[in-house]
Amino acid sequence: MPRYAQIISTGRYVPEKTLTNDQLDEMLGEPVGQWLVENVGIRERHIMGEDETTSDLAVHAARQAMNKGNVAPEDIDLIILATDTPDYISPGTASVVQYKLGARRAGTFDLNNACAAWVTGLDIASKYIATDEDYTHILVIGAYGMTRYVDWQDKRTCTLFADGGGAVLLRAGERPGFLGAKMIADGSFHDYMGVFVGGTVAVTGGSADTPRQYLRIQKRFPPDTNNKHWPPLIRDLMGKIGRPVSEINRIYFTQLNLRTIEAVMADLHLPMERTHTIMDKWGYTGAACMPMALDDAIQQEKGPAPGDLVVFCASGAGFTMVAAAFEWV
């Protein structure tokens, strides 16, 4: 009998500390808040506490998903952590999450193709479930602690990035569930934006007194990158699963720019009521933003209903893009 990955529950964590646009105006000494609202859609963002780490964000979100799904830690077979802000370069932060959750039976690994990693994790987890009976319950967690890498004097980055965690719990079932996924990438953009320290590439230009672990925008992405690539990626995915775009009931995007989402929804001829955005209150939370948006929509009773066709579409620096489709159970 075929096995399908089904999303059975969600969870999220938003740190307590808030940084508003008005506070940024005062901190930067110039009015950036109104521009952010009009062009990006961000009004405020949340920042993790000094005593919090990326694994803590992940654990809070995962516990919510497990509690909602009525699944105990010992029943988790695999933990996939999507993040590009790990606790350490090595070992993997998913192992820290496993320990903090008490999920002793679970295998673990980190996944990093930047902010596209959580949707990539959905794809991988779904294929584990479909092909291997050892996997019945899999946590796919997105966690983002990028404010630890933000230069608070750089208005291009400190205005956008925030922290948070989001998780879904997947379970094996006898019907879809997971329908398919599609991925594209263009590695020529690898040196445009990132945290270019800590790896095997030699780092110059810093000193012991000059922090070098900042998120850097070294080159400007073409402003229409997502507008240009998301619609054909979604159409290709719909062709792959044999469904028209018009049948998409709910679609969730990387929560970087509200205006981009509006433009893509118009391109797809889908009403804005079929998506959900959170950047206005939580800023940009990278690999965590889509499960956070999904959980928030469900909490507001605006989420998917049984039988709905649900699509996730994500972008990450590098660049990578991935879309995945599920039938909601």
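Each principal axis of the Cα cloud of region 4-176 was evaluated for its coordinate range; sorted largest first, these ranges are 57, 31, 27 Å.
Taking 0.36 nm per residue of separation and subtracting the current Cα-Cα distance, fully stretching the chain between Val201 and Asp267 would add 19.7 nm. Can you give me the relative contact order of region 43-200 as a percent, contacts being Cα pairs under 8 Å and 6 or more apart? Across region 43-200, relative contact order equals 29 percent. The mean sequence distance of close C-alpha pairs (under 8 Å, at least 6 residues apart), as a share of the length of the chain, puts its relative contact order at 26 percent. Bridging of Lys281 to aspartates and glutamates at a Cα separation below 16 Å is possible for Glu16, Asp22, Glu38, Glu44, Asp163, Asp295, Asp296, once same-chain residues fewer than 8 apart are set aside. Normalised by the number of residues in region 179-327, the mean separation of alpha-carbon contacts (under 8 Å, six or more apart) gives a relative contact order of 37 percent.
In sequence order, region 189-195 has phi-based couplings of 8, 4, 9, 7, 8, x, 10 Hz under the Karplus curve 6.51 cos²θ - 1.76 cosθ + 1.60, θ = phi - 60°, and Gly or Pro positions carry x. Taking the Kirkwood radius as Rh and the Cα radius of gyration as Rg, region 179-327 has a ratio of Rg/Rh equal to 1.04. Annotation: amide H-H contacts under 5 Å for Thr108 (H modelled 1.01 Å from N, sequence separation of 5 or more, or interchain): Ile79.
Note that region 32-42 has calculated 3J(HN,Hα) couplings of 9, x, 5, 4, 4, 5, 6, 9, 10, x, 8 Hz, one per residue in order, obtained from phi through the Karplus relation 6.51 cos²θ - 1.76 cosθ + 1.60 (θ = phi - 60°); glycine and proline are x. Only DSSP H runs of four or more residues enter the estimate; each adds -39500 (n - 2.57), and after division by the residues of the chain the mean residue ellipticity at 222 nm equals -9000 deg cm²/dmol. Would you be so kind as to identify all helices of the chain, as entire DSSP H runs, whose Cα atoms reach 20 Å or more along the helix's own axis and whose mean Kyte-Doolittle hydropathy is at least 0.0? The answer, listed by residue number, is 117-131.
Evaluated with a Cβ-only charge set (Lys, Arg +1; Asp, Glu -1), the chain carries a dipole of roughly 640 debye about its Cα centre, given to the nearest 20. Amide H contacts for Phe221 (H built 1.01 Å from N in the peptide plane; partners 5 or more residues away or on another chain; cut-off under 5 Å): none found. For region 312-329, the Karplus equation 6.51 cos²θ - 1.76 cosθ + 1.60, evaluated at θ = phi - 60°, returns couplings of 10, 9, 10, 10, x, 4, x, 9, 10, 9, 8, 10, 9, 10, 9, 9, 6, 10 Hz by residue, with Gly and Pro reported as x.
Excluding Ala167 itself, what net charge comes from residues whose Cβ is under 9 Å from its Cβ, given Lys and Arg +1 and Asp and Glu -1? Local net charge: +1. Within the set Lys155/Lys302; Lys219/Lys240; Lys17/Lys228; Lys17/Lys155; Lys17/Lys100, which residue pairs have Cα atoms separated by over 29 Å? Among Lys155/Lys302; Lys219/Lys240; Lys17/Lys228; Lys17/Lys155; Lys17/Lys100, the Cα-Cα distance tops 29 Å for Lys155/Lys302; Lys219/Lys240; Lys17/Lys228. Computed over the chain with a Gaussian network model linking Cα atoms closer than 10 Å, the most mobile of Ala317, Ala288, Ala167 is Ala317. Cβ-to-Cβ counts within 10 Å put Val197, Val97 in ascending order as Val197, Val97, the fewest first.
Summing charges over all other residues whose Cβ lies under 13 Å from the Cβ of Gly92, with Lys and Arg as +1 and Asp and Glu as -1, gives -3. Extending 7 Å from Cα along the Cβ direction at Glu301 and again at Val37 yields two label points whose distance is 2.9 nm. In a simple Cβ point-charge model (Lys, Arg +1; Asp, Glu -1; nothing else charged), region 4-176 has a dipole of about 480 debye relative to its Cα centre.
With a 10 Å cut-off between alpha carbons and a GNM built on the chain, which of Ile141, Ile89, Ile234 moves the most? Maximum among the listed residues: Ile89. GNM on the chain, alpha-carbon springs under 10 angstrom: the most fluctuating residue among Pro31, Pro86, Pro73 is Pro31.
The numbers here are math on the coordinates, done by the rules we state, and not lab data. Nothing here was measured: the structure is a model prediction, and the numbers come from that model. Here the Cβ is made from the backbone with ideal geometry for all residues, glycine too, and neighbour counts use every protein chain on show.
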